[in-house]
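Working notes for the structure below.
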């Protein structure tokens, strides 16, 4: 328990939301497949508490070499992030603009190793709900391609549930979640709390 927060309960709640998302996605037509990682080259926004699920998975399944690979990927990502964002407290528009640039420059998620998600079973909600139902090659040309419209409402509903049921929940870029875990001492730019869903 941390500051009166039952972390085990938070993790159990997030894992329940993930199970419902995965169950929902079984009924959505999709052409996404293992090794297709076009959508992994964009800025991923997560609920800060999702870090708990990711670190639980990393502690259980990652060896030293994989941890070092991800840490180096995160450091490279931070360097890109800092070089391509203004020197100020960043707001939603700054993060949105960065997302477009990341997709254009094809900057991979730090957890993408050999074109596969190294945290697939613990991946964030936004990754679980994203899929396309036709022409996966179009994703190579548009890495910000919208997901199937069938997923919009469930994504919004589950994100709202996650934010409302998790104490002190906020949205922020994925790389901000695990900086302490990977002991990354990097000069972070401050980000205003993101509340748009």
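Here are some notes:
- Footprinting exposure proxy for 89, 28 (fewest neighbouring C-beta atoms within 10 Å first): 89, 28
- With R₀ fixed at 30 Å, the C-beta to C-beta distance from residue 144 to residue 6 puts the FRET efficiency at about 0.20.
- The calculated 222 nm mean residue ellipticity attributable to helices in the chain amounts to -14500 deg cm²/dmol, summing -39500 (n - 2.57) over DSSP H runs of n ≥ 4 and dividing by all residues.
- Multiplying each eigenvalue of the alpha-carbon gyration tensor of the chain by 5 and taking the square root yields semi-axes of 23, 22, 18 Å, largest first, rounded to whole angstroms.
- Between residue 61 and residue 22, full extension at 0.36 nm per residue minus the direct alpha carbon distance yields a gain of 12.0 nm.
- Across region 56-182, Cα pairs under 8 Å and at least six residues apart give a relative contact order of 27 percent.
- A full extension of the chain between residue 165 and residue 76 corresponds to an added length of 28.7 nm, given 0.36 nm per residue minus the alpha carbon distance.
- Per-residue Cβ neighbour rank within 10 angstrom, fewest leading, 118, 135: 135, 118
- Going from the fewest other Cβ atoms within 10 Å to the most, the residues 93, 142 appear in the order 93, 142.
- Label-point separation in nm, residue 154 to residue 114, each point 7 Å along Cα→Cβ: 3.0 nm
Just so you know, all these numbers are worked out from the coordinates, no wet-lab data involved. Values in this document were obtained by computation on a predicted structure and should not be read as measured data. Because the Cβ atoms are built from the backbone with ideal geometry, glycine has one as well, and the counts that use them run over all protein chains shown.
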